[in-house]
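S.K.: Let me begin by handing over the structure; questions about it come next.
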Amino acid sequence: MGYPSVDRRRLLAAAALGREAGVPGPAPGDGVPVRAVAGEIRDVSPHLVVVETPEGQEERLVIAPSATAWNGGDTTPADLPIGARVIIRALHEGKVVDRIWAGITRITGTILSVEGRTDLAVELACGPHRGRRTVTVPHRATGRLQVRHPRLEPGYLLDAIGVRRDGGCLALLPATSQPPYPARAVPPPPSAYAGTQQRVSGTVTWSDGFDEGEQGLAYPMVERSDAGCPEAEVSCAGLPYLAMGSLVQVHNQCTGRSANVPIVACGCVAGRFCDRCVECGTSPRGRVAELSPSTFVELGGELVKGCFNAHIGLG
């Protein structure tokens, strides 16, 4: 998903502005380090899991007795199937499994069509870089989803947590409350962004539209010509314009973890959600960034919960 030469763009921008380029990665002193491991399960037992990473390397991780797993619902790590695509939260120098998410996916976009009476087939527009996607809302999940997404109809936004199954995708849980407005009617931001403002607070979410294991974020307020994204520059949050490749310091207010994360994509879909995260207190309205799953996990996020309250600034 990322754009080419992101690192080079960051270095050139820093040189042009006469400032330090900054270094991507977690801030020191954030407590026990958290490492995200992404890949495919090659072997699993009650005490050990072997994962092949996207680079073709083999990771052998010890499973802590207290470790938990999710595969469309809570399960035990040893019951995960061989071949499952997973994201693992690992502690103790990144070698001990604390939590595994198997086959997890996030369905975020504008509803184009809804078909069916029991199981629903929903087609979404997920932005120019992610294209269209058709997902199934199984009958057993429809009621739970519609509690927070009452308008499953064309033109409105959908944001759900799901699981990949048999080459398709099932939407199972609402990731947020559905905005009451159509996707093309995003409320305007507050008065013009103040250049002296050092930090902007809001909701940070995740998306699986990144390359597996990628570290980076999608940001709504990038110039359309810079990102090649005609749907950019939309947000109800008072965000400054930033260039592709810029480092953004993301601070998770729920866990206290921080990291410098590069902008690798246009966040045009995230910018259409003027919602709040209520994981630890209530965030101001507006999604300020959309992280890759690995970055989200390493900052202390829970993939099934879908968001955390954050403030961001230039890294």
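S.K.: Looking only at segment 41-86, filter to residues that are assigned to a strand (DSSP E or B) and small (G, A, S); which one of those is nearest to I104 (Cα to Cα)?
M.R.: A69
S.K.: Also: Do you know which residues across segment 154-170 are in a strand (DSSP E or B) and at pLDDT 95 or above?
M.R.: L157, L158, D159, A160, I161, G162, V163, R164, C169, L170
S.K.: Still on this structure, I have one more. Quick check: anything in segment 266-275 touching a His at 6+ places or on another chain (Cβ under 7 Å), surrounded by 20 or more Cβ atoms within 10 Å (Cβ to Cβ) and within 30 Å of T75 (Cα to Cα)?
M.R.: no
S.K.: Go through segment 155-170 residue by residue and tally those that are surrounded by fewer than 15 Cβ atoms within 10 Å (Cβ to Cβ) and at negative phi. Break it down stepwise before answering.
M.R.: So the first thing to find is which residues in segment 155-170 are surrounded by fewer than 15 Cβ atoms within 10 Å (Cβ to Cβ), and the list is 155, 165-168.
Pick out the ones that are also at negative phi and you get 165, 168.
Residues in segment 155-170 being surrounded by fewer than 15 Cβ atoms within 10 Å (Cβ to Cβ) and at negative phi: 2 in total.
S.K.: Further question on the same structure: How many residues does segment 89-107 contain that are under 19 Å from G31 (Cβ atoms) and either touching a Phe, Trp or Tyr at 6+ places or on another chain (Cβ under 9 Å) or not in a strand (DSSP E or B) (or both)?
M.R.: Summing the residues that are under 19 Å from G31 (Cβ atoms) and either touching a Phe, Trp or Tyr at 6+ places or on another chain (Cβ under 9 Å) or not in a strand (DSSP E or B) (or both) in segment 89-107 gives 6.
S.K.: Does segment 199-232 hold any residues that are outside any loop (DSSP other than H, G, I, E, B) and out of contact with any Pro (no Cβ under 6 Å at 6 or more places or on another chain), and which are they?
M.R.: If the condition is that a residue be outside any loop (DSSP other than H, G, I, E, B) and out of contact with any Pro (no Cβ under 6 Å at 6 or more places or on another chain), then V200, T203, V204, T205, L217, A218, Y219, S225, D226, A227 are the ones that fit.
S.K.: Got a number for residues in segment 26-40 being open to solvent by less than 20 Å² (accessible area, probe 1.4 Å) and either over 19 Å from S258 (Cα atoms) or in a loop (DSSP other than H, G, I, E, B) (or both)?
M.R.: Qualifying residue count for the region: 2.
S.K.: Does segment 138-164 hold any residues that are out of contact with any Gly (no Cβ under 7 Å at 6 or more places or on another chain) and in contact (Cβ under 8 Å) with a residue 40 or more places away in the chain, and which are they?
M.R.: Answer for segment 138-164, where residues must be out of contact with any Gly (no Cβ under 7 Å at 6 or more places or on another chain) and in contact (Cβ under 8 Å) with a residue 40 or more places away in the chain: L152, E153, P154, G155, Y156, L157, D159, A160, G162.
S.K.: Still on this structure, please answer the following. Under the condition of being under 19 Å from P284 (Cβ atoms), at pLDDT below 95 and of a type in the set (S, T, N, Q), which residue from segment 198-234 is surrounded by the fewest Cβ atoms within 10 Å (Cβ to Cβ)?
M.R.: Ranking the candidates gives Q198 first.
S.K.: Now for a different question. Hey, among S292, S283, S258, which residue is buried (at least 24 other Cβ atoms within 10 Å of the Cβ), touching a residue at least 12 places away in the same chain (Cβ under 8 Å) and in contact with an Asp or Glu (Cβ under 7 Å, 6 or more places away or on another chain)? Step through it out loud before you land on a result.
M.R.: Numbers: S283 fails: in contact with an Asp or Glu (Cβ under 7 Å, 6 or more places away or on another chain); S258 fails: buried (at least 24 other Cβ atoms within 10 Å of the Cβ).
After applying the criteria, what remains is S292.
S.K.: Another question about this same structure. Tell me which residues, restricted to segment 84-102, are open to solvent by 10 Å² or more (accessible area, probe 1.4 Å) and either in contact with a Cys (Cβ under 9 Å, 6 or more places away or on another chain) or closer than 26 Å to G131 by Cα (or both).
M.R.: A84, R85, I87
S.K.: Here is a check on your reading of the model: is V135 under 16 Å from G168 (Cα atoms) and either open to solvent by 10 Å² or more (accessible area, probe 1.4 Å) or in contact (Cβ under 8 Å) with a residue 12 or more places away in the chain (or both)?
M.R.: Answer is yes for this residue.
S.K.: Looking at segment 63-86, I want the residues that are farther than 14 Å from V50 by Cα and have a partner that is polar (S, T, N, Q) with Cβ atoms under 7 Å, at least 6 apart or on another chain. Which pairs are those?
M.R.: Pairs that qualify, where the first residue is farther than 14 Å from V50 by Cα and the partner is polar (S, T, N, Q), are A69/T75; A69/T76; D74/T68.
S.K.: Of all residues in segment 111-131, which are open to solvent by 30 Å² or more (accessible area, probe 1.4 Å) and touching a residue at least 12 places away in the same chain (Cβ under 8 Å)?
M.R.: Passing the criteria: L112, S113, V114, T118, D119, A121, E123, A125, P128, H129, R130.
Residue by residue, here is whether (1) in a loop (DSSP other than H, G, I, E, B); (2) open to solvent by 60 Å² or more (accessible area, probe 1.4 Å); (3) touching a helix residue (DSSP H, G or I) at 6+ places or on another chain (Cβ under 7 Å) holds:
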site: R140; (1), (2), (3): no, yes, no
site: L145; (1), (2), (3): no, no, no
site: L172; (1), (2), (3): no, no, yes
site: P187; (1), (2), (3): yes, no, no
site: S191; (1), (2), (3): yes, yes, no
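The values are calculated or read from the model by the stated rules, or taken from the named source; none is laboratory data. These numbers come from a predicted model, not from an experiment. Backbone-built Cβ (ideal geometry, glycine too); neighbour counts: all protein chains shown. The accessibility values were calculated without ligands, DNA or RNA, using every heavy atom of the protein model including side chains. Shrake-Rupley method; radii C 1.70, N 1.55, O 1.52, S 1.80 Å.
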